[in-house]
Amino acid sequence: MAQGKHGQPQGASRRDFLYIAAGGLGAVGAGAFAWPFIHQMNPSKDVLALSSIEVDISKITEGQTITVSWRGKPVFIRHRTKAEIDAARAVQLGELPDPQPDDARVRAKDRPQWLILVGVCTHLGCVPLNNQGEYGGWFCPCHGSHYDTSGRIRKGPAPANLEVPSYEFLGDNAVRIG
Amino acid sequence: MRPIAALALCLALAGGPALAAGDTTPPKSVDWPHGGPFGTFDRAALQRGFLVYKQVCAACHGLRQVAYRNLNEIGFNEAQVKVLAAEVEVQDGPNDQGEMFNRPGRPSDRFRSPFANPQAARAANNGALPPDLSLITKARAGGGGYIYSLLTGYRNPPAEVKLAEGMSYNPYFAGRQIAMAPPLNEGAVEFADGTKAGVEQMAWDVTTFLAWAAEPEMEARKRMGVKVILFLLVLTGVLYAVKRKVWAEVH
Amino acid sequence: MGIQTNNSIVKWIEYRLPVFSTLNHSLIDYPTPRNLNYWYNFGSLAGVCLVVQIITGIVLAMHYTPHASMAFDSTEHIMRDVNYGWLLRYIHANGASMFFLVVYIHIFRGLYYGSYKMPRELLWWLGIVILLLMMATAFMGYVLPWGQMSFWGATVITNLFSAIPLVGTPIVEWLWGGFAVGNATLSRFYSLHYLLPFVIVGLVMLHLLALHQHKSNNPLGIDIKGPQDTIPFHPYYTAKDLFGLGVFAIVFAGFVFFAPNYLGHPDNYIEANPLVTPAHIVPEWYLLPFYAILRSIPDKFLGVVAMFASIFVLFLLPWLDTSRVRSATFRPIYKQVFWLLLICCVALGWVGANPPEGIYLVVGRIATTFYFLFFLVLMPLIGWFERPRPLPESIGASVAKTGGGAPADAHAKPEGRV
């Protein structure tokens, strides 16, 4: 069997340096090699290319809601009536489980008629039904959550308001979501 | 030991793909700026090549693996890409009435193929199928050199050759008779940068563009390769020193 | 072989599941002949290749679609859209070539130093079974990108089975799941391509178990006689293997980053078309020698038989080789013929890459004849008639004389351990 665990002190320190250098470089290499295997599971380029969509809103009449698909999820675009806006604004914040004024639910302050929401119930991910429920907004059939005309949770098990995606109006006729 | 040489020989021989059927002129060997371990694509040639593809090739040849958004990578900005994409009508749908409809292309769309399916392509091209060009420089022995040779290789047939109906003579094509009429004519496109659109120039540019279309990852690959090999050389050097040190006690 | 430690967690686990002592036994303290040369690196390199193929394969499977109408495009999706997809695919594709390169060197090393002889017959057999499974796995993997060469390679190779008398056609249709290579074939190849590597892992475990039973052979081909002949695997061979791995990684990276398609065929970047056959159908380089043997025989059935026989003859090696000496170092005549065999295998590879006509056919037939002549005639005969050079006393003694030199009074008596 090979002996020689203990060489000369000088040799030993040089050897230690070599071992540490090899170990360090090896660890760096292994880490770098691992990254592609991890990153490949992140959204691919074609998926990212679809991460924003442009929607034509010129044909949505007052009171109408359309559903478009964005990032694999439904998005509700609602052209609210005056009455719906007023109803949403009239609610006392204190009554809300997740207090948010209607202003905060609409990204373009000059266009309060447009309400854009991710159509996924914040309870367990079902898609709520449009124009149903006790508050004239949405109703989730899975576990009975009621949302109002601002997409805020009013009653039922859902803990939070419907999510507002990031969006931007491109003139009067189109909106880019994402 | 000897096996190294032998195995290297085996690899070299096996790797060289068998030449296609005898009666063909071997493609010109071209020294591309994007060749070699450090080569990068000539951006200006890529953009000119895209124009040649768009105005000449795209009438018959698809590029379906490439998306309009990819044009970002060859130097078009986002707004330009949007305009280029919107120039084509793409089928989408079904809409709420259950019907398919056409809409302007978006950057996320892939290049629209000129024909709906291979049968339609053959029907419109005298029975010949214009291949999709997405991978053409990888899919032909000789790569870009072959494409360049083919595009610049049209000749008048020698007296003894009798061309079939609708065929052109091209010594670089297998069998020397090709169904594609000479695609490039002097001044067929007008380059924005003022480059004169000669046949050789257009062939060079469009081949560069197609090389990019086939291997869009090439520059990133080579850049990473240089880093990886340098790193491995250092690591292996250190490992060799470790090995020597460890074995010093045994020898 | 228990392990000494003060770490109470290690002790707790070790008492219930002896992983640490097992690892220690097979990777740390494992006694290894002290005279192994660099040709003995290729065993562990093959193991690394297998692991690399499996992990890249698993992540590629996350993005690939095994359907005849989508396979080609999904492969391009990996190349173009998936993060580092091109890297993973090129590692996997070139990794197959690297794996075969390493394994072929490993096999020829075993052939040269007589590693198949008593008491390592089962070790050798397991190796051949691994090779067969590797070939099957590689072949089915090559079908998955659904290019022209994938499709027609699959057609030609599966059609080999139609050479079987009477039941040939039903067998081939059973393999295809149809009347030609199609979607059903692609799906089942995908399934098996995913499965077989894990079967290989199991066989590799057995291969190692068999190896550790009688320890590694060595360039002298003589048995380990005592502790003076061995050194512990760690740090000596771990250091040597890691250095070898570094060199190998450089070669591998050279292919992946700078010549990723050099070993491939351009036709496989054309989507499969069942109506158009490529001008020349050639398998990947690592199968070319066998393909050449197949085509050297003018009869379809006999050609297939010869091709399979060229691998199965390896199973008989422990008995075909009648020599009492393992290592070719001490076998002057066998050594010469061994190099001839290697040249003949390379020649077969060259013939396999070219059309079966003219000079290629002649060379192919000569090389095929020599291949079988070597195993079936030369090996037994040389073993009988050859006078081996005297063997060294022991590995330790030989190393002390700076490697390989043989003491004068040694006997040619390498047989099994006591």
Filter the range B:108-131 for residues that are closer than 30 Å to A:S52 by Cβ and open to solvent by less than 40 Å² (accessible area, probe 1.4 Å); the one that is nearest to the other protein chains (Cβ to nearest Cβ) is B:S108
Flagged in the range C:20-39 as in a helix (DSSP H, G or I) and either in contact with a helix residue (DSSP H, G or I) (Cβ under 7 Å, 6 or more places away or on another chain) or more than 25 Å from C:I200 (Cβ to Cβ) (or both), in numbering order, are C:F20, C:S21, C:N24, C:S26, C:L27, C:I28, C:Y38, C:W39
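Report whether or not C:G95 is within 14 Å of chain A (Cβ to nearest Cβ) and under 30 Å from C:F338 (Cα atoms). It would help to see each step written out before you state the result.
Values: within 14 Å of chain A (Cβ to nearest Cβ): yes; under 30 Å from C:F338 (Cα atoms): yes.
Against the criterion (within 14 Å of chain A (Cβ to nearest Cβ) and under 30 Å from C:F338 (Cα atoms)), C:G95 qualifies.
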Among the residues of the range A:101-120, are any β-branched (V, I, T), over 17 Å from A:D86 (Cα atoms) and touching a Leu at 6+ places or on another chain (Cβ under 9 Å)?
yes
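Quickly run through the range C:57-79 and pick out the residues that are in a helix (DSSP H, G or I) and either within 8 Å of another protein chain (Cβ to nearest Cβ) or in contact (Cβ under 8 Å) with a residue 40 or more places away in the chain (or both).
Going through the range C:57-79, the residues in a helix (DSSP H, G or I) turn out to be C:57-61, C:71-79.
Within the range C:57-79, C:G57, C:V59, C:A61, C:A71, C:F72, C:D73, C:T75, C:E76, C:H77, C:M79 qualify.
Quick grid of which residues meet (1) aliphatic (A, V, I, L, M); (2) open to solvent by less than 20 Å² (accessible area, probe 1.4 Å); (3) on the phi > 0 side of the Ramachandran plot; (4) in contact (Cβ under 8 Å) with a residue 60 or more places away in the chain:
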residue	(1), (2), (3), (4)
C:N354	no, no, no, no
C:G358	no, no, yes, no
C:G383	no, yes, no, yes
C:P388	no, no, no, yes
All-but-one check, B:A174 against (1) within 14 Å of chain C (Cβ to nearest Cβ); (2) surrounded by 21 or more Cβ atoms within 10 Å (Cβ to Cβ); (3) more than 30 Å from C:A253 (Cα to Cα), failing number (2)
Those residues of the range A:1-44 which are more than 11 Å from chain C (Cβ to nearest Cβ), at pLDDT 90 or above and over 17 Å from B:K243 (Cα atoms) amount to A:A27, A:V28, A:A30, A:G31, A:A32
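Of the residues B:K227, B:K222, which single one is at the interface with chain C (Cβ under 9 Å from one of its Cβ atoms) and either touching a helix residue (DSSP H, G or I) at 6+ places or on another chain (Cβ under 6 Å) or assigned to a helix (DSSP H, G or I) (or both)?
On the way: B:K227 fails: at the interface with chain C (Cβ under 9 Å from one of its Cβ atoms).
Exactly one of B:K227, B:K222 is at the interface with chain C (Cβ under 9 Å from one of its Cβ atoms) and either touching a helix residue (DSSP H, G or I) at 6+ places or on another chain (Cβ under 6 Å) or assigned to a helix (DSSP H, G or I) (or both), namely B:K222.
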Counting only residues in the range B:67-106 that are touching a residue at least 40 places away in the same chain (Cβ under 8 Å) and of a type outside the set (F, W, Y), the one nearest to B:D132 (Cα to Cα) is identified as B:A67
If we keep only residues of the range C:324-333 that are within 23 Å of the chain's Cα centre (by Cα) and surrounded by 23 or more Cβ atoms within 10 Å (Cβ to Cβ), then the residue nearest to the other protein chains (Cβ to nearest Cβ) is C:S327
Taking the range C:254-267 and keeping residues part of a loop (DSSP other than H, G, I, E, B), within 7 Å of chain B (Cβ to nearest Cβ) and not hydroxyl-bearing (S, T, Y) leaves C:N261, C:L263, C:H265
Pairs returned, first residue in the range A:44-56 that is within 11 Å of A:W70 (Cβ to Cβ), second residue that is open to solvent by 80 Å² or more (accessible area, probe 1.4 Å) and hydroxyl-bearing (S, T, Y), beta-carbon separation under 9 angstrom, 6 or more apart or interchain, are A:I53/A:S69
Practice prompt. Would you check if C:F252 is open to solvent by less than 30 Å² (accessible area, probe 1.4 Å) and farther than 16 Å from C:I157 by Cα?
Written response: yes
Note on C:V82: of the conditions (1) buried (at least 21 other Cβ atoms within 10 Å of the Cβ); (2) assigned to a helix (DSSP H, G or I), unmet is (2)
A:I85 meets each of (1) β-branched (V, I, T); (2) assigned to a helix (DSSP H, G or I); (3) open to solvent by 30 Å² or more (accessible area, probe 1.4 Å) with one exception, condition (3)
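Matching residues to (1) under 16 Å from C:Y112 (Cα atoms); (2) touching a Lys or Arg at 6+ places or on another chain (Cβ under 7 Å); (3) surrounded by 18 or more Cβ atoms within 10 Å (Cβ to Cβ):
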{"residue": "C:Y291", "(1), (2), (3)": "no, no, yes"}
{"residue": "C:V305", "(1), (2), (3)": "no, no, no"}
{"residue": "C:A309", "(1), (2), (3)": "no, no, no"}
{"residue": "C:P318", "(1), (2), (3)": "yes, yes, no"}
For the range C:198-215, state whether one or more residues are within 11 Å of another protein chain (Cβ to nearest Cβ), more than 18 Å from C:G95 (Cα to Cα) and buried (at least 16 other Cβ atoms within 10 Å of the Cβ).
no
With criteria (1) open to solvent by 40 Å² or more (accessible area, probe 1.4 Å); (2) closer than 24 Å to C:A96 by Cβ; (3) more than 18 Å from the chain's Cα centre (by Cα); (4) not hydroxyl-bearing (S, T, Y), C:I281 comes up short on (1)
Note on the range B:173-197: residues of a type in the set (D, E) and within 11 Å of B:Q55 (Cβ to Cβ) are B:E190
Residues in the range C:221-253 that are under 25 Å from C:L101 (Cα atoms) and more than 7 Å from every other protein chain (Cβ to nearest Cβ) total 10
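For the range B:72-176, which fully contained helices (runs of 4 or more DSSP H) count at least 2 residues that are in contact with a Pro (Cβ under 6 Å, 6 or more places away or on another chain)?
B:78-86, B:143-152
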For strands (runs of 3 or more DSSP E) lying entirely in the range A:91-173, having 3 or more residues that are buried (at least 17 other Cβ atoms within 10 Å of the Cβ) and under 21 Å from the mean Cα position of the chain (by Cα) picks out A:114-118, A:136-140, A:145-148
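Pick out the one residue from C:M140, C:M134, C:M149 that is among the hydrophobic types (A, V, I, L, M, F, W, C), in contact with an Asp or Glu (Cβ under 9 Å, 6 or more places away or on another chain) and open to solvent by less than 40 Å² (accessible area, probe 1.4 Å).
Numbers: C:M140 fails: in contact with an Asp or Glu (Cβ under 9 Å, 6 or more places away or on another chain); C:M134 fails: in contact with an Asp or Glu (Cβ under 9 Å, 6 or more places away or on another chain).
Answer to the selection: C:M149.
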Subset of the range C:36-53, residues open to solvent by 30 Å² or more (accessible area, probe 1.4 Å) and within 14 Å of chain A (Cβ to nearest Cβ), comes to C:V48, C:V51
Over the range B:193-217, the set of residues within 9 Å of chain C (Cβ to nearest Cβ) and part of a helix (DSSP H, G or I) is B:A214
When the range B:132-168 is checked residue by residue, the ones that are open to solvent by 50 Å² or more (accessible area, probe 1.4 Å), in contact with a helix residue (DSSP H, G or I) (Cβ under 6 Å, 6 or more places away or on another chain) and among the charged types (D, E, K, R) are B:R140
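The values are calculated or read from the model by the stated rules, or taken from the named source; none is laboratory data. Worth saying up front: this structure is predicted, and the values here are computed from it rather than measured. Note that each Cβ is placed from the backbone with ideal geometry, even for glycine, and that neighbours are counted across all protein chains shown. Accessible surface areas use protein heavy atoms only, side chains included; no ligands, DNA or RNA. Shrake-Rupley method; radii C 1.70, N 1.55, O 1.52, S 1.80 Å.
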